[in-house]
Amino acid sequence: MRQYLQFGRFGFNLPGPGGKALVMGILNVTPDSFSDGGRFESLEFALSRAEAMVAEGVDIIDIGGESSRPGAPALSLGEELQRVMPVLYALRDCGKPLSVDTYKPEVMREAILAGADMINDINGFRAPGALEAVRDSDCALCVMHMQSAPATMQQRPDYADVVAEVTAFLRERVEAMTAAGIERERLCIDPGYGFGKTVEHNFALLKASGRIRAELGLPMLAGLSRKSMLGAVTGRVVEQRLAGSIAGALAAAAHGADVLRVHDVAETVDALKVWQAAN
């Protein structure tokens, strides 16, 4: 069954479970993403990488200015805006939908004014003012589950039933958003792999992701690319997780994910083409 997702200037008729998932390319504009931390070099690198992703067949580009890796400290509002906004303005006519990865309502407002097509919030739009910041736009909204905060989330993740608790959280946030006047056609969900979860929690969620998607009746985004859950299975360090990342993306697609958030765009696009042809 096809499902429509309003995506700002764009819109997607998602094929649903078994169909070809969309590929969202990760474009991090954090200092540790580049060999030179200067803003000019970072902008030039970001534009070059975005052009490459477009050529590789990316469907969506996700711009992030603040690292959310385990243990990462919070970033100031001003610094995040200085990192994200020049890239967003430079890419808004690239022909692809642009997502901004942020949990700060002020960044959400500025990004929407600049033409962002999606706000991807690791905090599930829980910050005071977040719902008001996005309510009157037409951009897509990705609601993610995270236990605790990036600085502490991996210290002691704990659930009685991770699948039930993540599902309940996502349901509560969706209900809060629709009660605030946000259309369901703009919403998608993300279980938040690696965000306050052990390896066992992550794979339990992956195996149950089709059920979670069906229960909530919304498109699902999956971000497993290069994460430690893959390293735990393969024994590979982050730079050697390409094969594991592709396998994770295909597993997520097989379980019904509609959008795959990845670092390795070309390889994932090719893998999905072969997987889809074989189905």
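Based on the Kirkwood radius over alpha-carbon pairs, what value in µm²/s does the Stokes-Einstein equation return for the translational diffusion coefficient of the stretch 192-279 at 10 °C and 1.306 mPa s?
Approximately 120 µm²/s, per Stokes-Einstein.
Taking 0.36 nm per intervening residue step and subtracting the Cα-Cα distance, what contour gain separates Arg135 from Lys273 on full extension? Present the calculation step by step, with values, prior to reporting the outcome.
On the way: separation 138, 0.36 × 138 = 49.68 nm, distance 3.56 nm.
Taking 0.36 nm per residue and subtracting the Cα distance, the gain is 46.1 nm.
Under a 5 Å amide H to amide H cut-off, with H placed in plane at 1.01 Å, what residues pair with Val143 once short-range neighbours are removed?
Under 5 Å from the amide H of Val143 lie the amide H atoms of Cys188, Ile189, Asp190, each far enough along the sequence or on another chain.
How do Tyr4, Tyr159, Tyr193 rank by accessible surface area computed with a 1.4 Å probe, from largest to smallest?
Most to least solvent-accessible, the answer reads Tyr4, Tyr159, Tyr193.
Keeping the other protein chains in place, figure out the carbon and sulfur percent of the accessible area of the chain, with a 1.4 Å probe. It would help to have the intermediate numbers written out before the result.
Values: 6300 of 11920 Å².
Heavy-atom surface of the chain belonging to carbon and sulfur, 1.4 Å probe: 53 percent.
Which of the DSSP-defined H helices in the chain satisfy a minimum axial length of 15 Å, computed from C-alpha atoms, and a minimum mean Kyte-Doolittle hydropathy of 1.0?
Sorted by number, the helices that extend far enough and score high enough are 242-254.
Can you give me the Rg/Rh ratio for the stretch 137-228, using Cα atoms for both radii and the Kirkwood formula for Rh?
For the stretch 137-228, the value is 0.97.
Taking the solvent-accessible surface of protein heavy atoms with a 1.4 Å probe, what is the per residue accessible area of the stretch 1-143 in Å²? Mind showing how you got there, number by number?
Details: 6080 Å² over 143 residues.
Normalised by residue count, the accessible surface of the stretch 1-143 is 43 Å².
What residues have an amide H closer than 5 Å to that of Gln3, excluding those fewer than 5 places away on the same chain, when H is modeled at 1.01 Å from N in the peptide plane?
Hits under the 5 Å cutoff: Leu14, Gly16.
Can you give me the orientation-averaged projected area of the convex hull built on the Cα atoms of the chain, in nm²?
13.4
Rounded to the nearest whole Å², what accessible area per residue is found for the stretch 196-277 with the 1.4 Å probe?
Details: 3390 Å² over 82 residues.
Per residue, the stretch 196-277 has 41 Å² of solvent-accessible surface.
What percent antiparallel are the DSSP beta bridges of the chain, to the nearest 5?
Here the antiparallel bridges make up roughly 15 percent for the chain.
The values are calculated or read from the model by the stated rules, or taken from the named source; none is laboratory data. Values in this document were obtained by computation on a predicted structure and should not be read as measured data. Ligands, DNA and RNA are stripped out before the accessible areas are found, and what is left, the full protein with its side chains, is counted by its heavy atoms. Shrake-Rupley method; radii C 1.70, N 1.55, O 1.52, S 1.80 Å.
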